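Novice: Questions regarding the structure given below will be posed in turn.
The values are calculated or read from the model by the stated rules, or taken from the named source; none is laboratory data. Because the structure is a prediction, the values reported are computed rather than measured. Don't worry about glycine lacking a Cβ; one is built from the backbone with ideal geometry, like all the others, and counts go over all protein chains shown.
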Amino acid sequence: MIAGQGLGLRAGGRALLTDVSLELRPGEVLVLAGPNGAGKSSLLKILAGETKPGAGTASLEGRSLSAWHPRALARRRAVLGQHVGVAFPMQARAVVALGRLPWHGEPAQTARDQDAIAAALAEADVAHLAGRDHATLSGGERQRVHLARALAQLDGAAMPAALLLDEPTASLDAGHRASLLRLLKRLARRGLAVLVVLHDLQEAAFVADRVALLEKGRLIACGPPEQALHPALLQRVYGLPFRHLPGLGPIPMLGAEGALTPG
Amino acid sequence: MHISRIAPPAARDLTAVVLAGGAVLLLAAMAAGVLLGPARISPGGLGAVLADWLGLAPLPPEFRRDAAVLGVIRLPRVLMAALVGAGLGAAGAAMQGLFRNSLADPGLIGVSAGAALAAVAAIVFGATVFGVAAGALGLWMLPLAAFLGGLGATLLMARLGSIGGVTGVATLLLAGVAVNALAGALTGLLIFTADDRQVRDITFWTLGSLAGSRWEQVPVVAVLIGLPTLGLIALARPLDALLLGEAEAFHLGHRVEALKHLAVTLAAIAVAAGVAFTGLIGFVGLVVPHLLRLGFGSGHRLVLPGSALLGGALLVLADLAARSLAAPAELPVGVVTALLGAPFFLWLLRRKAAA
């Protein structure tokens, strides 16, 4: 549903992305993986419509993202960025309620909005934090509150709709990482298109229907995890030997000889 | 969850209650502003004047002085104070939301400094260089110069703060600081060349006063402040989205560039119109939105209109204090608002640091 064709992006004389083409399909979890600086976040921003590509086109349902009215776009895709802050003291529930902004024509929340907010709070496991000031929450709790905001935004969206997440597991504990990944799988089964940047390759192998592996701004593999996360490929990209363990995915061999020297 | 269908959301109730309270407060302040002051109005005089205004009974000649004080002096003055305060409050709330900083002030966008520069230029050069124009414009020359100067400075700041068509809020902030410094320096140069009488005029203008309020100014200010204030209130939803950041506001469906330009322009008009007629009045735009946020949360549907109502009430009361405390002399109203505002600002800083 969201597709990039020949995407390129340059900043400060450096190529951040070069000729990247990929499509996010409804009902799938597509993981963006790759080393630091590979262009994962830049690609996500382009596919969110937030950054205009320097080359190529990004489109939603065949129509260029820049041709969509931001409001119409907001009713079809939600984005969970890294390190989202709130400028002023605000209850967690009010933060989640911001996710309903694209929906109500009149200023006040409708019963429909109330239901969407309650459902999103429950789904992100933050219902018990609803009355807390956002500023007093831990990093992981905040992350989940913003996840709930993104979920509230997509409640009632015309399908297919897309959820784009940039390193959503970064500040979560092991338990909440697992429940977030399971939630992403459930959302995809409901028909949502889920694009997620992940650093942990085991998490990627667990959650992904497909993995897009980026290196230095180029898409070097895109396919099912067993292909795109092949140990030989990963060793080339990360300069570190990997071993594939059944049911666990690719495991970096930190203790292996020469593991920490690239090449 | 089904209870929420029956009970209206608490937030909606709170907004309605707070805004109704703000409106009552503003009306009460305006009533006090009209009735109280150094010149005492007897209850009989008040009754007679009201009866005359309502067309119930002709004004007995012994109450002519009371009618003049109420109708010619106090009523336009109170209306001006309410309008200017409302503009400052709403502009302050919008700028704090736009810059995502609770210490932002309408002055940050260069409008006050630009208006001051133009006003000082009008005071210093008015009689000589603009002699003909000054004669034609009369008492309107200073406000017109200040209004245009304020808008010009904001325009310059917006131009300087925008790089490659993208206006970064941090760049905008720095451009505002630079424009303020430049305007301040040029104002200093003008003061350096001014004579003693002009320096005195300049000093009083920069301290702010509503003493010059006249009926013919009221409709002009009502339009120039009322319309942008309503416009800012209409930006409540996008400003709410902006609480999360610029990228997030776009994700939530808002054109952030257009929003920034619109909010800055509306705030600049509202503030410039106020500064033009009443001089520099500080702290209203800073303190009022803050009080509301502390008490009732950060939602702009409450904070924006609430700041307009409360800003109006605060300036009406500050003006009442300004003309009553040292009667028959008048304190500059900017001194009164700063006397109230500065300690509050310091308390705010310390509270923030402690949190």
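Novice: Collect the residues in region A:92-118 that are touching a residue at least 40 places away in the same chain (Cβ under 8 Å), more than 7 Å from chain B (Cβ to nearest Cβ) and not in a loop (DSSP other than H, G, I, E, B), keeping them in residue-number order.
Specialist: A:Ala92, A:Val95, A:Val96, A:Ala97, A:Gly99, A:Arg100, A:Arg112, A:Ala116
Novice: Right, here's the next one. When you go through B:Val333, B:Val316, B:Val284, B:Val303 one by one, which is the residue that is closer than 30 Å to A:His134 by Cα, more than 14 Å from chain A (Cβ to nearest Cβ) and buried (at least 24 other Cβ atoms within 10 Å of the Cβ)?
Specialist: B:Val284
Novice: Kindly indicate whether B:Ala247 is in a helix (DSSP H, G or I), out of contact with any Leu (no Cβ under 9 Å at 6 or more places or on another chain), within 20 Å of A:His134 (Cα to Cα) and within 14 Å of chain A (Cβ to nearest Cβ).
Specialist: Judged against the criteria, B:Ala247 is a match.
Novice: So, in region A:143-171, exactly how many residues are crowded, with 17+ Cβ neighbours inside 10 Å, more than 18 Å from A:Leu32 (Cβ to Cβ) and among the aliphatic types (A, V, I, L, M)?
Specialist: So the answer is 7.
Novice: Also, quick follow-up: Out of all the residues in region B:265-303, which are outside any helix (DSSP H, G or I) and closer than 28 Å to B:Arg214 by Cα?
Specialist: Residues satisfying the conditions are B:Gly279, B:Leu280, B:Ile281, B:Gly282, B:Phe283.
Novice: Would you point out the residue of region B:239-277, among those that are crowded, with 22+ Cβ neighbours inside 10 Å, within 23 Å of the chain's Cα centre (by Cα) and of a type outside the set (A, V, I, L, M, F, W, C), that is nearest to B:Gln217 (Cα to Cα)?
Specialist: Among those that are crowded, with 22+ Cβ neighbours inside 10 Å, within 23 Å of the chain's Cα centre (by Cα) and of a type outside the set (A, V, I, L, M, F, W, C), it is B:Gly274.
Novice: Would you be able to tell me the number of residues in region B:178-210 that are under 11 Å from B:Val124 (Cα atoms) and not in a helix (DSSP H, G or I)?
Specialist: Residues that pass the stated criteria total 2.
Novice: Further question on the same structure: Give the residues of region A:129-149 that are under 22 Å from A:Ala174 (Cβ atoms) and touching a helix residue (DSSP H, G or I) at 6+ places or on another chain (Cβ under 9 Å), sorted by residue number.
Specialist: A:Leu129, A:Leu137, A:Gly140, A:Glu141, A:Arg142, A:Gln143, A:Arg144, A:Val145, A:His146, A:Leu147, A:Ala148, listed by residue number.
Novice: Within the bounds of region B:41-56, is there any residue that is touching a Lys or Arg at 6+ places or on another chain (Cβ under 9 Å), away from every other protein chain (no Cβ under 14 Å), surrounded by 22 or more Cβ atoms within 10 Å (Cβ to Cβ) and of a type outside the set (A, V, I, L, M, F, W, C)?
Specialist: No: region B:41-56 contains no residue that is touching a Lys or Arg at 6+ places or on another chain (Cβ under 9 Å), away from every other protein chain (no Cβ under 14 Å), surrounded by 22 or more Cβ atoms within 10 Å (Cβ to Cβ) and of a type outside the set (A, V, I, L, M, F, W, C).
Novice: Turning to a different aspect of this structure: For region A:46-89, which residues satisfy the criterion of being in a helix (DSSP H, G or I) and either in contact with an Asp or Glu (Cβ under 6 Å, 6 or more places away or on another chain) or within 13 Å of chain B (Cβ to nearest Cβ) (or both)?
Specialist: Once the filter is applied, which keeps residues that are in a helix (DSSP H, G or I) and either in contact with an Asp or Glu (Cβ under 6 Å, 6 or more places away or on another chain) or within 13 Å of chain B (Cβ to nearest Cβ) (or both), region A:46-89 yields A:Ile46, A:Leu47, A:Ala48, A:Leu65, A:Ser66, A:Pro70, A:Arg71, A:Ala72, A:Leu73, A:Ala74.
Novice: Tally time: how many residues in region B:56-107 are more than 24 Å from B:Leu314 (Cα to Cα) and among the aliphatic types (A, V, I, L, M)?
Specialist: 5
Novice: Just the residues that are modelled with pLDDT under 90 and touching a Ser or Thr at 6+ places or on another chain (Cβ under 9 Å), please, taken from region A:116-140.
Specialist: Of everything in region A:116-140, those that are modelled with pLDDT under 90 and touching a Ser or Thr at 6+ places or on another chain (Cβ under 9 Å) turn out to be A:Ser138, A:Gly139, A:Gly140.
Novice: Do we have A:Leu101 as buried (at least 21 other Cβ atoms within 10 Å of the Cβ), of a type outside the set (Phe, Trp, Tyr) and under 22 Å from A:Ala212 (Cα atoms) here?
Specialist: no
Novice: A follow-up question, please. Suppose we filter A:Leu121, A:Leu43 for residues that are within 24 Å of B:Asp240 (Cα to Cα) and assigned to a helix (DSSP H, G or I); which single one remains?
Specialist: After applying the criteria, what remains is A:Leu121.
Novice: Please enumerate the residues belonging to region B:230-251 that are under 12 Å from A:Gly81 (Cβ atoms), among the hydrophobic types (A, V, I, L, M, F, W, C) and out of contact with any strand residue (DSSP E or B) (no Cβ under 8 Å at 6 or more places or on another chain).
Specialist: Matches in region B:230-251: B:Leu244, B:Ala249, B:Phe250.
Novice: If A:Leu17 satisfies every condition in (1) crowded, with 23+ Cβ neighbours inside 10 Å; (2) within 14 Å of another protein chain (Cβ to nearest Cβ); (3) assigned to a strand (DSSP E or B) but one, which is the exception?
Specialist: It fails just one condition, (2).
Novice: Shifting gears a bit: I'd like the full set of residues that are more than 12 Å from the chain's Cα centre (by Cα) and farther than 20 Å from A:Ala157 by Cα, limited to region A:43-84.
Specialist: Of everything in region A:43-84, those that are more than 12 Å from the chain's Cα centre (by Cα) and farther than 20 Å from A:Ala157 by Cα turn out to be A:Ile46, A:Thr51, A:Lys52, A:Pro53, A:Gly54, A:Ala55, A:Gly56, A:Thr57, A:Ala58, A:His83, A:Val84.
Novice: Next question. Being of a type in the set (A, V, I, L, M) and more than 14 Å from every other protein chain (Cβ to nearest Cβ) is true for just one of B:Ala222, B:Ala241, B:Ala236. Which residue is that?
Specialist: Going through B:Ala222, B:Ala241, B:Ala236 in turn, just one is of a type in the set (A, V, I, L, M) and more than 14 Å from every other protein chain (Cβ to nearest Cβ): B:Ala222.
Novice: A further question follows. Of the conditions (1) of a type outside the set (Asp, Glu); (2) within 14 Å of chain A (Cβ to nearest Cβ); (3) surrounded by fewer than 24 Cβ atoms within 10 Å (Cβ to Cβ); (4) in contact (Cβ under 8 Å) with a residue 12 or more places away in the chain, B:Leu294 satisfies every one except a single condition; which number is it?
Specialist: Condition (4) is where B:Leu294 drops out.
Novice: Going by the conditions given, is B:Ala7 within 14 Å of chain A (Cβ to nearest Cβ) and either modelled with pLDDT of 85 or more or more than 30 Å from the chain's Cα centre (by Cα) (or both)?
Specialist: Yes: the conditions hold for B:Ala7.
Novice: Would you call B:Ala338 surrounded by fewer than 24 Cβ atoms within 10 Å (Cβ to Cβ), at pLDDT below 90, assigned to a helix (DSSP H, G or I) and not charged (D, E, K, R)?
Specialist: When the stated conditions are applied, B:Ala338 passes them.
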